Structure formats: structure tokens, C-alpha cells
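Chemist: There's a structure below that I have some questions on.
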Amino acid sequence: MSSTTESIEKHTIAVLVDNEPGVLARVIGLFSGRGYNIESLTVAEVDPDQSLSRITVVTTGTPMIIEQIKAQLSRLVPVHRVRDLTEEGRAVERELALVKVSGTGDRRIEALRLADVFKARVVDATLNSFVFEITGSSDEVQDFIGLMRQLGLVELCRAGVVAMSRGPAGF
Amino acid sequence: MTGAEIVLRALRDQGVDVVFGYPGGAVLPIYDALFQQNAIRHVLVRHEQGAVHAAEGYARSTGKVGVVLVTSGPGATNAVTGLTDALMDSIPVVCLTGQVPTHLIGNDAFQEADTTGITRPCTKHNYLVKDVDRLARVMHEAFVVAKSGRPGPVVIDIPKDVQFASGPYVGPTEVRHKSYRPQVKADLARVEEAVELMAAARRPIFYTGGGIINSGPLASKLLTQFVRMTGYPCTNTLMGLGGLPASDSHFLGMLGMHGTYEANLAMYHCDVMINIGARFDDRVTGKLSEFSPNSKKIHVDIDPSSINKNVRVDVPIIGDAAHVLEDMIRIWRAKHKRPDPKTLRDWWAQIETWRKRDCLRYTRSETIIKPQFAIERLRDLIRDRDYYITTEVGQHQMWAAQFIPFEAPNRWLTSGGLGTMGYGLPAAIGCQLAHPEALVIDVAGEASIMMNIQELSTAVQYRAPIKVFILNNQYMGMVRQWQELLHGGRYAESYSEALPDFVKLAEAFGCVGLRATKVAEVDDVIREMINTPKPVVVDMAVDPHENCFPMIPGGKAHYEILLGPEDDVAEATPEEGMVLV
């Protein structure tokens, strides 16, 4: 199919899976084996009673590729549900990052001031460093990181996107 | 019950009567349990790849699940090619692999391999059973997964301590998978849409594949009924041969790279395509942007990921082929659909002009055995027999597909998706053991047969009177053909140097060896092969330079099909086509 002429889209897909050994490897292997992109991937157990985990994956591709990704995910045996949150409308998408900034004097004060503007929390402080915790949309997190880079960022860890549809309906 | 006993009991409860395997340290408890029972027969292969292909041959010819039992490490890694083959061709196989004891997993123990890791991409699903309490459940679940939906291979990796441990047994009826429910009944609105489209078609064609075979004999029956009811032409993929009786006047032969002229041109020119259980494989479509450009496409498939994977379709229908055909026929009847006879006659008239090109003709010879001639004689001399054909991979495979007719499903066993040389001999053994009275022939090439030649020993041990029909052209024929046509005749490594004497080789294994080197000997050799109630190897010395036509060169469209050596393939192959396999 002339997929090259189609536009590349970014989609956030939520997948409910059995929390069993190898399930994440299956999902990741599907992406690597078929040449799909993973921009972000998060996974954690959400229902200990039924032993279910929820995977949130952000991926890019042509509409045909995105459709393939969903179909391929759906046919994995331990997969219960696949939902394309992007297709279903504006989803709530949040990301958490820990940002360590090292420095003294004005730069330190400026970092703290900006953290306040971005509503980032200080979770560790020394006389010459801060660790900030920021939660927000990927763009907000990215903006904050961009600013901190100029103020002495020494370490960064991002949790990846978690997402949920808006409105009263459950998964 | 011990883990090993649970395995045997579960196999029995699943209706398994034969297991193809090879023992080793990590499966000894299961072999011990096998030894102490009589319900399940074990067939000892000579290489684990052979075990999987034999299980495939058994599965494809019976519609049942094929079962494999191998040891850890090399036992499992040797099985990988067979598993991948079964995955590509959607063949239900359950493969039990031994594993080092749980406390040694990850320690690089003797004969340890990460079997579930290695087989994850080449199975439909796999399990590592670390707890004997789960074993019975996993065994039954594996059978459900292997045969339901789009079938495929399932691996169960069982550590040795789990085979020794005691645990509870549960029967198959008590096991239901938590989430795995493939859709078999289609959305009726879609089926109605398809029927409307079909009835209004001016140039319709059925294009059907392995999904018809996998669905079971009922699907073939319904397809035949529907094709005759509509009067529409029908072509089969390599996997789908036998889905419609080859003798049916609506049958256009196989389509694709080496398919018939009429099938490929009808696909190109059709206005409504009814794909049932085929997956728009690259061997079938040729150049995608010029694949049947003016048709509305209906696609029936049990696997949603097959829909819109290669080709955008207009009416996707997710469901099992037999169920969908049943609905289609019912709706067609209820709505009193009748295609316009004049339009359909014109379409058939067009197809007849393509048929008249007689695309499978070849230049006959009095002095050298043409491979097509050998296959034609084979076809004519087995006509009245109850035959099953397996193949290796290459030119001989394509000639067998082109020339040998199949009147029923499950009689044509060939490695389509993966194209595995060495498939045919073990598959023939698996097929023969399921059908002891039938005539099972592996149409082979001299290069392919060497890949699993050791299985002749298996055939002899189990008195499986399979026939290996080698078209010996002293080349990896398809490789040579591509080198001749596309690489300036530079035959890099495609010559079969230092071939064994196949007659003596057959005799050394305890088979019967026959040879034909002259045209006049062909019939006698084939007759003797058929009438010998033992495994036979036929060494048919054929023209080393014959090429397989028709051929759609890589990167070309259906209408650019070449009919014979007079058409210049190199000239016809675009640069971007050269990189395609």
C-alpha cells in the first residue's frame, strides 16, 4: 500500500493484559519484529485480583500502520482489550519526570522559581542541588526540562505517558 | 499424578494418537510415562525439525492438532524452523519442550536455552510451566489456542522438576481461557453488503486461500456450492489448492508469481474480488500499487490483523470461512440474487481467451526428461489413486502446484509462507502415518531433499511407504533460474556438486531406489514406485536448464506476467524489483 504518501500520526494506545511473565516481551517484540515505533511505554498492574496489567504505549505511523498495530496487539493471546485513546477523542495524558538540577547562586534560585511556575515539587534538596518531580502533559514536562537544561540539569528520568479517556465510561 | 503423567493424560484427553519426537535428558520423565502406556504412539524422528514438519503433515492432512515432543536446548532450537513454518502457514501444532529444572533456569545449565524467549516470535503463543499445579490447565489451553481462530504452533516448555512433581489433573472441559475468544461468526450487515456487491459485479472473481482449508472440509464444500451457484470464476492460492475441486470448470488454477495467466489476468481486470481466507501475500499481489486497481475488494479472514495489512479492502469481514460462506449462501438465496447472464458470459469469454494461451505449455523433448513432463506423467499415473502430495521448496514445488490437480482439501501439503526446503519428506511421513493406505508422494528437488534426508530412516522404521519423487536437475533450480534471469547467468553456488547416488542412498537406508534418465523410462519408474509397498526414492534425471513459467517478475504487476523463455525477464524486471525476494 502506498503508505509513504499517507501522513504520520501519533497515537496513544491502552492495552489490558494478563500480568504474566513474558507479556511485556510479547508486546515489545511485536513492535520491534514488525518495525513499528515505540515513543513511550508504561506498564503496571492495575487489578491484582484478576492479575491484570495496563500498558500505555505511544506510537507513530500511518493510519494503516496504526490499524495494524491495534489488530496485532489484539491477537496476542494474553491481551484482553486494546483501545486507541487518540482515536476516541481527547484523552487525559500525563507524564511524570524526576529532574535533578545542580548549581548555586542565581541559577539555583531561578530553577526553584521556575519549578514553582510549573508546579514541580522539590523531592530532594541539598545546598547545591534539587530533585524536582513534575507531572503534566508531555509537552509541559518537555518545556520544564528544556528550561532546566540551561540551569544545570545533571540527571533526568521520565516515567512515560499514562493516559485515560475522558468522561464517565470505564475501560 | 506426576507432571509427566499429567502431560500424557492431557494428550489422551485431547484425542492425540501420535506424537513426533526425539528424547533427551530434560524430557526423560515424559518419555518414561510414554513407555508405560499404549494409547499414544511415539514416532522417533531423526532431527527435531523433522518432528515439527511431520506433525505439520499430520495436522494438515487430518485437520487435527499435530504434537511434537523434544528435549531442552538443541532439541528446542532445532524445532524453531518447523515452528516458524507452522506459524507462517497457520498450522495447528503443540510442541512440548523439556527444560532444565526450575532452579537451574538462567544458570547456563547443560542443554539450557531460553526456549520461550527464542520461540516467542515464531509461535502463536508459548508457555513456561514452572508450577505443576498449572500444567494440566496449560496443556488444554495450548490445544485450544493452537486450533482455534487462525491456527498456529504453541510451545509448552516444561522444566524437568515439574515433570517429576505431583500435581492435580483437570480435564479439558474445565479449562476456558480468560480472554482468548476469536470471532468466528461475522457481522451480518457486512456479509449482506458483500452479497450486494457480488450480485452487481460485472467481472467477479473468487480468490481463496488456506483459510478455506483450515476452516475444515465444510468450507470447501460451501465454497464449491457458492462458486457453482454464482457461476463466478475462482482461483486458489498455493495454500488454498483443493479448496475448490481442480476439475471444476470455474477453477482458473493457482494465481501469483508462478500462477496461471488466466488467474492473474482475471485478478487484474476484475471489478469485484471475493477474497476468502487468503492474505494478499506478496507472491500473490506482485506490485502492490498495480494490484487489481479497479476492483472492489471483499476480504473474509478470521484474523483481524490480516485485514488492510497489505491491501486496502472495501468490505472487511472477520469470521471463519465456513460460517461466512454459510451466511453468504443463505443471504444470496433469500434475496434471490442472480447475476446478469449476459455480463457474466462476456467475462467468461474474456477469461477463455486468456485460457487459450495455454500458459503451462512447455517444449517437449524426446531426448531429455523435462521436469514438467515427469510431473505430468506422475499426475496421469496416480489419477485413480487416493493420493496426498507434499513438496520441498523450489521449481519442483511450483510445477507440482501447477500440474497436479486436487479434488479435495487437505491433500496438498507444501511450505508456502516460510518456503522451507526439507519440509516435504518429514511432512510426507506425518501424512502417511495418519493415512496408512493412501499414496503419499513428496515431490522433491535434489537440493531440498538433502536438507532432511535423514528422515528416510524414520520412514523405514515405521514402515511408512512414502514416495520421494526427486526432480534431479543438479541445481537449486529456483536459485539458478533467478541467477540466469536476473544476475547475468552467474551461478554462484547453485550447482549441486558432489551429489550422492540417490538409488544407493535409498538402499543404504533400507528404501527402494529407482532411477530414470531417459524419457522412455519415466512411466515404468513411476509405475514401479506406485506399486512398491515400501518407502521409495525416485531419482528422475531432468533437464538441468528448464525454467518455471509463467512468472511475474519481482516488482511487476499481474498483467506483466511472462509466459516463457521467449519473454526477457531481466528486461522486464525494474530495478526496485531486483531487491524483492
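The values are calculated or read from the model by the stated rules, or taken from the named source; none is laboratory data. Owing to the predicted nature of the structure, the values given are computational and were not obtained by experimental measurement. Here the Cβ positions follow ideal geometry from the backbone for every residue, glycine too, while neighbour counts run over all protein chains shown.
Chemist: Does any residue in region B:282-308 that is within 9 Å of chain A (Cβ to nearest Cβ) come within less than 7 Å, Cβ to Cβ, of a residue that is crowded, with 23+ Cβ neighbours inside 10 Å six or more places away or on a different chain, and which pairs are these?
Modeler: As it stands, the answer is B:Ser306/B:Arg279; B:Ile307/B:His299; B:Ile307/B:Asp301, since those pairs meet every condition given.
Chemist: Could I ask something else about it? Tell me which of these A:Gln72 doesn't satisfy, since it passes every other one: (1) surrounded by 14 or more Cβ atoms within 10 Å (Cβ to Cβ); (2) within 14 Å of another protein chain (Cβ to nearest Cβ); (3) in contact with an Asp or Glu (Cβ under 9 Å, 6 or more places away or on another chain).
Modeler: With respect to (1) surrounded by 14 or more Cβ atoms within 10 Å (Cβ to Cβ); (2) within 14 Å of another protein chain (Cβ to nearest Cβ); (3) in contact with an Asp or Glu (Cβ under 9 Å, 6 or more places away or on another chain), A:Gln72 is out only on (3).
Chemist: Is it the case that B:Arg279 is under 21 Å from the mean Cα position of the chain (by Cα), modelled with pLDDT under 95 and within 30 Å of B:Glu576 (Cα to Cα)?
Modeler: On the way: under 21 Å from the mean Cα position of the chain (by Cα): yes; modelled with pLDDT under 95: no; within 30 Å of B:Glu576 (Cα to Cα): yes.
When the stated conditions are applied, B:Arg279 does not pass them.
Chemist: To continue, here is another question. Which condition from (1) under 17 Å from B:Leu471 (Cβ atoms); (2) touching a Cys at 6+ places or on another chain (Cβ under 9 Å) is the one that B:Leu413 breaks?
Modeler: With (1) under 17 Å from B:Leu471 (Cβ atoms); (2) touching a Cys at 6+ places or on another chain (Cβ under 9 Å) applied to B:Leu413, the lone miss is (1).
Chemist: Is it fair to say A:Gly103 is more than 13 Å from chain B (Cβ to nearest Cβ) and either surrounded by 20 or more Cβ atoms within 10 Å (Cβ to Cβ) or out of contact with any His (no Cβ under 8 Å at 6 or more places or on another chain) (or both)?
Modeler: Here the answer is yes, as A:Gly103 does meet what is asked.
Chemist: Can you name every residue in region B:105-148 that is part of a loop (DSSP other than H, G, I, E, B), within 9 Å of chain A (Cβ to nearest Cβ) and either β-branched (Val, Ile, Thr) or surrounded by 22 or more Cβ atoms within 10 Å (Cβ to Cβ) (or both)?
Modeler: Of all residues in region B:105-148, those part of a loop (DSSP other than H, G, I, E, B) come to B:105-114, B:123-124, B:129-131, B:148.
Remaining after also requiring within 9 Å of chain A (Cβ to nearest Cβ): B:124, B:130.
Listed by number, the list holds a single entry, B:Lys124.
Residues are listed down the side, and each one gets a yes or a no for (1) closer than 30 Å to B:Pro574 by Cβ; (2) assigned to a loop (DSSP other than H, G, I, E, B); (3) aromatic (Phe, Trp, Tyr):
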{"residue": "B:Gly488", "(1), (2), (3)": "yes, yes, no"}
{"residue": "B:Pro500", "(1), (2), (3)": "no, yes, no"}
{"residue": "B:Ala506", "(1), (2), (3)": "no, no, no"}
{"residue": "B:Leu514", "(1), (2), (3)": "no, no, no"}
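Yes/no matrix, rows are residues, columns are (1) modelled with pLDDT under 95; (2) part of a strand (DSSP E or B); (3) away from chain B (no Cβ under 12 Å); (4) surrounded by fewer than 17 Cβ atoms within 10 Å (Cβ to Cβ):
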| residue | (1), (2), (3), (4) |
| --- | --- |
| A:Thr4 | yes, no, no, yes |
| A:Ser7 | yes, no, yes, yes |
| A:His11 | no, yes, yes, no |
| A:Val17 | no, yes, no, no |
| A:Glu20 | yes, no, no, yes |
| A:Ala44 | no, yes, yes, yes |
| A:Asp49 | no, no, yes, yes |
| A:Val57 | no, yes, yes, no |
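Chemist: I'd like to verify a number: residues in region B:174-210 that are within 30 Å of B:Arg345 (Cβ to Cβ) and not aliphatic (A, V, I, L, M), how many? Step through it out loud before you land on a result.
Modeler: Our first condition is that a residue be within 30 Å of B:Arg345 (Cβ to Cβ); within region B:174-210, this holds for B:190-209.
Next, from what is left, pick out any that are not aliphatic (A, V, I, L, M): B:190, B:192-193, B:196, B:202-204, B:206-209.
Here the count works out to 11.
Chemist: Which of the residues belonging to region B:423-461 are touching a strand residue (DSSP E or B) at 6+ places or on another chain (Cβ under 6 Å) and surrounded by fewer than 24 Cβ atoms within 10 Å (Cβ to Cβ)?
Modeler: Result: B:Ala438, B:Leu439.
Chemist: While we're on this one: Kindly indicate the residue of region B:19-64 that is within 22 Å of B:Ile441 (Cα to Cα) and among the hydroxyl-bearing types (Ser, Thr, Tyr) and also surrounded by the most Cβ atoms within 10 Å (Cβ to Cβ) among those meeting that condition.
Modeler: It comes out as B:Tyr58.
Chemist: In contact (Cβ under 8 Å) with a residue 24 or more places away in the chain, under 22 Å from B:Ser61 (Cβ atoms), surrounded by fewer than 22 Cβ atoms within 10 Å (Cβ to Cβ) and not charged (D, E, K, R), is that true of B:Thr237? Steps first, please.
Modeler: Working: in contact (Cβ under 8 Å) with a residue 24 or more places away in the chain: yes; under 22 Å from B:Ser61 (Cβ atoms): yes; surrounded by fewer than 22 Cβ atoms within 10 Å (Cβ to Cβ): no; not charged (D, E, K, R): yes.
Spelling it out, it is not the case that B:Thr237 is in contact (Cβ under 8 Å) with a residue 24 or more places away in the chain, under 22 Å from B:Ser61 (Cβ atoms), surrounded by fewer than 22 Cβ atoms within 10 Å (Cβ to Cβ) and not charged (D, E, K, R).
Chemist: Sticking with this structure for a sec: Can you find a residue that is within 14 Å of chain A (Cβ to nearest Cβ), surrounded by fewer than 18 Cβ atoms within 10 Å (Cβ to Cβ), over 26 Å from B:Pro182 (Cα atoms) and touching a residue at least 12 places away in the same chain (Cβ under 8 Å) anywhere in region B:364-373? Before the answer, list the steps.
Modeler: Of the residues in region B:364-373, the ones within 14 Å of chain A (Cβ to nearest Cβ) are none.
No, region B:364-373 contains no residue that is within 14 Å of chain A (Cβ to nearest Cβ), surrounded by fewer than 18 Cβ atoms within 10 Å (Cβ to Cβ), over 26 Å from B:Pro182 (Cα atoms) and touching a residue at least 12 places away in the same chain (Cβ under 8 Å).
Chemist: Of the residues that sit in region A:77-100 and are assigned to a loop (DSSP other than H, G, I, E, B) and either free of Cβ contacts under 8 Å to residues at least 40 places away in the same chain or touching a strand residue (DSSP E or B) at 6+ places or on another chain (Cβ under 8 Å) (or both), which one is nearest to the other protein chains (Cβ to nearest Cβ)?
Modeler: Filtering region A:77-100 down to residues assigned to a loop (DSSP other than H, G, I, E, B) leaves A:77-78, A:85-90.
Filter again for either free of Cβ contacts under 8 Å to residues at least 40 places away in the same chain or touching a strand residue (DSSP E or B) at 6+ places or on another chain (Cβ under 8 Å) (or both), leaving A:77-78, A:85-89.
On the way: A:Val77: 4, A:Pro78: 7, A:Leu85: 19, A:Thr86: 18, A:Glu87: 15, A:Glu88: 18, A:Gly89: 22 Å.
Taking the candidates together, the pick is A:Val77.
Chemist: Considering only residues that are in contact with a Leu (Cβ under 8 Å, 6 or more places away or on another chain) and among the β-branched types (Val, Ile, Thr), look in region B:538-581 and name the one that is nearest to B:Met257 (Cα to Cα).
Modeler: Per the stated criteria, the residue is B:Ile552.
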